[in-house]
């Protein structure tokens, strides 16, 4: 009965691919721009982001199981199972990329100039903060691109957001 | 701007998502998600926690140099200069919004300065602040001063000194004088002449948030609008 040996590896492989694809697509689909996010769908998307590594581990195990199951069945089945494993790994790898930080790259090592040395035009707007004697200014034109900056002013760690 | 230290942990934030056109941050340390506009943790192990706001002013860099000559200014990333735009707001204005504001008197992308005093929120239209550079107002029972230095440069103060409200009027573009004691006040909110200057009095600054009307109203549904 060839179908009884074929079906389990196909089902395992498809399950793996679908699980990895869902892990990749759900947050991107829910949090695409210019549309509202309802509370439930947002909760689901954030849940998928939080538990993504576990979902991908599950998908990977399913895909490996499919390969193991397909291996004795000959080259066609082996290639099919390996193709699904590669699809699973591909979708899983893509889902680990933070697209928001691809669009708006972070600034892990911010650099500063003295207030008098800055080449900004006089009327450029900055977000100014003072902690004790330390004062720092973050140009809005820079922050409107990066959006998030982790900094320390004086002895106070602050998150600058725009 | 937010203090990154909360419940004994110092968090490192990353841009991580979008929620009704306001972005979400995720911290490396706990993996929790935080709403940028409110500082509230909305998902993850720290759900329900609230970041503490750090006071900041939007100033022209010229004003910053005057007030903080020893201060530092963030430099842009050398490879990113093409991504920095000085006048990006006209490009954003026609973009769609996803929050319904049709039952309110302002268009969704009207720029407002928002202030919260004692839990009461009020929005000041940018066009109004441009026309009325010095506004003496009261939110709840707190007498406040809004002082626009032009454009986005705006400071708000609790205008009480020793419990007595100041009645302030401009003398020139840089200074206000109070009617009772006759002290002269500068844009930092500090007295530089007159009886209050002798005690080095400064008014307490209040946080100002520049925002689009749709976003401000989303997070402050009971907000009033100055003059409406």
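Key figures
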read-out	value
Test: residue in the range B:2-11 that is over 25 Å from residue B:113 (Cβ atoms) and touching a helix residue (DSSP H, G or I) at 6+ places or on another chain (Cβ under 6 Å)	no
Scan of the range A:79-96 for residues that are closer than 30 Å to residue B:31 by Cβ, away from chain B (no Cβ under 14 Å) and surrounded by 15 or more Cβ atoms within 10 Å (Cβ to Cβ), ordered by number	A:84, A:85, A:87, A:88, A:89, A:91, A:92, A:94
Single residue of the range B:105-120 satisfying the filter (in a loop (DSSP other than H, G, I, E, B) and in contact with a strand residue (DSSP E or B) (Cβ under 8 Å, 6 or more places away or on another chain)) that is surrounded by the fewest Cβ atoms within 10 Å (Cβ to Cβ)	B:118
Single unsatisfied condition, residue A:145 versus (1) under 19 Å from the mean Cα position of the chain (by Cα); (2) surrounded by fewer than 22 Cβ atoms within 10 Å (Cβ to Cβ); (3) more than 7 Å from chain B (Cβ to nearest Cβ)	(3)
Number of the exception - residue B:76 against (1) part of a loop (DSSP other than H, G, I, E, B); (2) more than 7 Å from chain A (Cβ to nearest Cβ); (3) modelled with pLDDT under 95	(2)
The one condition in (1) at pLDDT 95 or above; (2) within 12 Å of chain B (Cβ to nearest Cβ); (3) surrounded by 15 or more Cβ atoms within 10 Å (Cβ to Cβ) that residue A:42 fails to fulfil	(1)
Matching entry among A:70, A:134 (being surrounded by 18 or more Cβ atoms within 10 Å (Cβ to Cβ) and either at pLDDT below 95 or in contact with a strand residue (DSSP E or B) (Cβ under 7 Å, 6 or more places away or on another chain) (or both))	A:70
Checking residue B:65 against (1) touching a strand residue (DSSP E or B) at 6+ places or on another chain (Cβ under 9 Å); (2) more than 7 Å from chain A (Cβ to nearest Cβ), the condition it does not meet	(2)
Test for residue A:99: is it within 10 Å of chain B (Cβ to nearest Cβ) and in contact with a strand residue (DSSP E or B) (Cβ under 9 Å, 6 or more places away or on another chain)	no
Residue under evaluation residue A:138, criteria (1) more than 8 Å from chain B (Cβ to nearest Cβ); (2) assigned to a strand (DSSP E or B), criterion not met	(1)
Search result, residues across the range B:1-50 that are farther than 21 Å from residue A:48 by Cβ, more than 23 Å from the chain's Cα centre (by Cα), more than 7 Å from chain A (Cβ to nearest Cβ) and part of a strand (DSSP E or B)	B:9
Flag for residue B:211 being within 30 Å of residue A:139 (Cβ to Cβ) and assigned by the TED database to the domain that holds residue B:118	yes
Single residue of A:71, A:76 found to be more than 10 Å from chain B (Cβ to nearest Cβ), over 19 Å from residue B:28 (Cα atoms) and out of contact with any helix residue (DSSP H, G or I) (no Cβ under 7 Å at 6 or more places or on another chain)	A:76
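The values are calculated or read from the model by the stated rules, or taken from the named source; none is laboratory data. Fair warning: this is a prediction, and the values are worked out from it, not measured in the lab. No Cβ is skipped: glycine too gets one built from the backbone with ideal geometry, and neighbour counts run over all protein chains shown.
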